[in-house]
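In what follows, a structure is listed as structure tokens, so that the remarks can point back to it.
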Amino acid sequence: MKLNDTAQHNNNGGYIGHKRDDGKAQPLRDHLYGVARLAEDFARPFSAGGHAALTGDLHDVGKYGSDAQARMKDPKRVKKVDHSTAGVQQAFARRDVLMAFAIAGHHGGMPDMGSRASTSGDGTLMGRVLKQIPRDYATGMKEISLPDASTPAWLDLKDRYAMSFYTRMLFSCLVDADFLDTEAFMRPDAPERGGGDGMEALFNRLMDKTAKWANPSKAINKKRCDILAQCLAAGQMPCGLYSLTVPTGGGKTVSSLAFALAHALYHGKSRIIYVIPYTSIIDQNAAIFSDILGENNVISHHSAIDMPDDPLDAQEESEKRRRLASENWDAPIVVTTAVQFFESLHASRPGKCRKLHNIANSVVIFDEAQMIPVKYLKPCVAAIAQLVRNYDVTAVLCTATQPYLKELFARFAPDMTAHEICADVEDMFEFFKRVSFQMEGEIGETELAARISAASQVLCIVNTRARARRIYDLLPPESRFHLSTLMTARHRKKILGRIRDRLNEGKTCRVVSTSLIEAGVDIDFPTVWREKAGLDSIIQAAGRCNREAENSPGESVVHVFSCPGAAPLMFRQNIDASDVAMSAGYSIDDPACVEMYFKSLYKFKGDSIDQKKILEKCENMEFRTVANEFKLIDENTMAIYIPDATDEKNVAALNALRHGEYTRETLRRLATSAVNVYESHLIALLSAGKLECTADGFYILSDMESYNYETGLSLQSDPGSGIWI
């Protein structure tokens, strides 16, 4: 965008873009220019800078209208004004539907396309095109001149899914640019976004850390160092799709980071994004990375730590605070959940989508990739393929139980092959066999508690939070520990530290946990009990037994059992597939057994790998419908923040929430003080008067008798815990 000198001289910048509480106004032309320049920078990694810049130029031209300017000057007396439809119609006049979608959604979220039958009031894009609005904004537009720009040359306009995906990335560039330019004016004292060290400095820190592991004496540590060396060497391989198949206990977390840093440094990648199935291990992995790379370089972003949804027409101060504080993944290392990652890639709201452009030119590690819910496999695989093919992303499918995802990529992205980073996968699995499995059949909770109580050091993993708590209550009070997602990450970390200390000291230690302890938790028990679940979960549980190979496999037993009654619905098909695989006579941790498990699982699921027809709806540009229907967890979860009087940062952050003075840094700080609960439980706690709800829609526990530092948040009723929570 260029300023028209005559218009600039005649108007003297009289059109207002934003106005602060202190009365200072931001000229509208300055806002449009600032947004255009930022959006251009954000879209450059996927060759769409010019298109994004024009989108930024047009997004707020409706504010040139007299009604919009009157509201800018006196918002308390002038009703809300639709200022985005003008830009939509300007884009549509240029026959640029993708730009029109992005502009239409920059406040209320991208709509569905609509049809020829759409009307001006139906909320669709076509409805916005038909809407009658005052045209006096055109007078003010004379102070700017707009460049010619179009979609990038690589975008195939016949590929409707690719167009839909691109539209959401364009939308991300626009809304992040809009929020950042607005934040710079409205909050000039706000902490600066971005920052962090470069990839070379981060890589050197990793090398300094791992240099201490050289020349190990134990065979298992030699093998871990060999895996690490292979990952470092693979960093110079071309950008694309990779798999990293490392058995549990093989040092997968640090080795995958080594590949990612080496690859990012060699290819000039902007950041590394870790996508993890459980919120419960985000902070653990983030802590590992922070210890190696420095806290200022790592952020963790949970699935339920997002801004509350705003009304579609919200333009009030509370909305501005929420939007300006939303996450945009501008750190070198991002650790997030699969829920947050994939739901954001199918979202339509500005706050949820603003971070998406920062995925471009990144290394994305999908940890425990096999845990993507089956009914969304096809759209998730399609999204990963788009990122690799068109957005300069290198994706790594990282897991100990991998075989079937490669076949899925061959089916849905036939031009894309996943290359294995580590050689001799079968030999590795043979080397890392450290346990034996024993099928125990059905055991009641009382008998199970007695068997656990008879052991000195033992871990028991069950499928639901309710069962974990009941078994914990049946154990001798001394030396018992409980872990579940009803505890904050901060308190789980403290308890895990106590558990490790007791194990290292040879003291009695009996732990009952949900599946949160299975993936990535570095802990070593001589004996493990695992309630029957998916084969991948059983193998992950086995990774917490004899982890350092101090004992023989015969001495290190993983007991697999079932409890009386029907298994929870969400586990049944996984259990059935496990039964089929185990009946073939293989050892549970044999790669052939794992492959049979996944093939059986997908057979049980039938043709439901895109159960809600998400791909078809994406191709039809049904952005709002897709956002509403793409839910990896069927029931919404909400964050409840737990006060901790012993933590000054916690106290200060919660006070900032209460007074509407929070920033993105406030919410990052509070991530380890949150417990995510189902909406039904939230309502029950609210009804019981146990929660404080801030003016901006955040929930803080007010009845501290409802939170126990050993067992977590007490719920009136608890049907269990989803595997993704």
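The numbers here are math on the coordinates, done by the rules we state, and not lab data. Small disclaimer: the values here were computed from a predicted structure and weren't measured. Please note: Cβ atoms are built from the backbone with ideal geometry, for glycine as well, and neighbour counts cover all protein chains shown.
Please give the calculated 222 nm ellipticity per residue for the chain, where each DSSP H segment of at least 4 residues contributes -39500 (n - 2.57) and the sum is spread over every residue; nearest 500 deg cm²/dmol? After summing the helix terms and dividing by the residues of the chain, the value is -13000 deg cm²/dmol. Packing around the peptides 589-598, 51-60, 611-620, 536-545, taken as the average count of other Cβ atoms within 10 Å per residue, puts them in this order, highest first: 51-60, 536-545, 589-598, 611-620. Cross-link check: pairs 252/617; 76/142; 80/612; 352/375; 158/378 evaluated at a Cα-Cα cut-off of 27 Å; pairs beyond the cut-off: 252/617; 76/142; 80/612. Computed from the C-beta positions of residue 523 and residue 619, the FRET efficiency with R₀ = 51 Å rounds to 0.65. Electrostatic tally near residue 615: other residues with Cβ closer than 10 Å to its Cβ, Lys and Arg +1, Asp and Glu -1, net +2. Converting phi to 3J(HN,Hα) with the Karplus coefficients 6.51, -1.76 and 1.60 and the offset θ = phi - 60°, region 61-77 yields 5, x, 6, 6, x, 5, 5, 5, 5, 5, 5, 4, 7, 8, x, 6, 10 Hz in sequence order, with x at every glycine or proline. Taking every alpha-carbon pair under 8 Å whose residues sit at least 6 apart, the chain reaches a relative contact order of 14 percent. Placing R0 at 60 angstrom, the Cβ-Cβ distance between residue 204 and residue 78 gives a FRET efficiency of 0.60 after rounding to 0.05.
Each DSSP beta bridge with both residues in the chain is either parallel or antiparallel, and the antiparallel ones are about 25%.
The trypsin sites (Lys or Arg not before Pro) of region 10-88 meeting both criteria, a DSSP state outside H, G, I, E and B (loop) and at most 12 other C-beta atoms within 10 angstrom of the site's C-beta, are 20, 24, 76, 77, 79. FRET efficiency for the pair residue 501 and residue 705, taken as 1/(1 + (r/R0)^6) with r the Cβ-Cβ distance and R0 = 22 Å, rounds to 0.15. Computed from point charges on the beta carbon alone (+1 for Lys and Arg, -1 for Asp and Glu), the dipole magnitude for the chain about its Cα centre is near 720 Debye. When you restrict to C-alpha pairs under 8 Å that are six or more residues apart and normalise by the size of region 117-267, the relative contact order lands at 16 percent.
Computing Rg/Rh (Cα atoms, Kirkwood Rh) directly from the structure and comparing it against [x] 0.96; [y] 0.99; [z] 1.03 singles out [y].
Here the 3J(HN,Hα) profile of region 547-564, calculated from phi with Karplus coefficients 6.51, -1.76 and 1.60 at θ = phi - 60°, is 4, 9, 6, 6, 10, 7, x, x, 7, 10, 9, 9, 8, 9, 9, 10, 9, x Hz, Gly and Pro shown as x. Spin-label pair residue 628-residue 214: with each label point 7 Å from Cα along the Cα-Cβ axis, the two points sit 6.1 nm from one another. Amide H to amide H distances under 5 Å link residue 271 with 363, where only residues 5 or more positions off or on other chains count and H is placed in the peptide plane. Derived scalar couplings between HN and Hα for region 233-247 equal 5, 6, x, 8, 5, x, 5, x, 10, 10, 10, 10, 9, 10, x Hz in order, rounded to whole Hz, by the Karplus curve 6.51 cos²θ - 1.76 cosθ + 1.60 (θ = phi - 60°), x for Gly and Pro. Taking amide H as placed 1.01 Å from N in the peptide plane, the amide H of residue 17 sits under 5 Å from that of 26, 28, each at least 5 places away or on another chain. Per-residue extension of 0.36 nm, minus the Cα-Cα distance of residue 427 and residue 655, leaves a gain of 76.6 nm for this segment.
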